[in-house]
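Report on one structure; see the data block that follows.
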Amino acid sequence: MLEGKIEHLSVLYGGLRVKRRREIMEELRSCATGSKVILATGAYIGEGFDDSRLDTLFLAMPISFKGKVVQYVGRLHRQHKNKNDVCIYDYVDSSVPVLLRMYEKRLTTYKRIGYKVQTDGDQKYESN
């Protein structure tokens, strides 16, 4: 759906052959300028992934474990000369109680690690 509409789009998902996954990772490393979009499942953007140009995370999967949240968010905190701010968009289906509880745990983690959190509506959480 996004292919052909975004200049530097990389899609990583389960079922990719190892060779293709390596090719995509090399394409990411060689994309020196401009913006890029990485659409990936958690396993592919988790431990061992490093690209200091990342500045925005769209979290659209249900996780609540503090360690995973810190790991994903940490990907944004690599120093890069063209990066001033980082931003996380965290999506939740609040009509499903278990997903809402997981989201609330993520909010707590965001605040603990120093993020300013603004929710839909005008409620705003700020860390100390």
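The table that follows gives values for the structure above.
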read-out: Flag if ARG53 is touching a Cys at 6+ places or on another chain (Cβ under 9 Å) and either loosely packed, with under 15 Cβ neighbours inside 10 Å or at pLDDT 80 or above (or both); value: yes
read-out: Long-range neighbours under 6 Å by Cβ, at least six apart or interchain, first residue exposed (fewer than 14 other Cβ atoms within 10 Å of the Cβ) within the stretch 58-85, second in a loop (DSSP other than H, G, I, E, B); value: ALA60/TYR91; HIS80/SER52; HIS80/ARG53
read-out: Per-region count, the stretch 101-122, residues among the hydrophobic types (A, V, I, L, M, F, W, C) and closer than 15 Å to ALA60 by Cα; value: 2
read-out: Of all residues in the stretch 79-96 being of a type in the set (D, E, K, R) and part of a loop (DSSP other than H, G, I, E, B), the one that is modelled with the highest pLDDT; value: ASP93
read-out: Unmet criterion (only one of (1) in a helix (DSSP H, G or I); (2) over 20 Å from ARG29 (Cβ atoms)) for GLY74; value: (2)
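The values are calculated or read from the model by the stated rules, or taken from the named source; none is laboratory data. The model shown is predicted, which means the values in this text are computed figures rather than measured ones. No Cβ is skipped: glycine too gets one built from the backbone with ideal geometry, and neighbour counts run over all protein chains shown.
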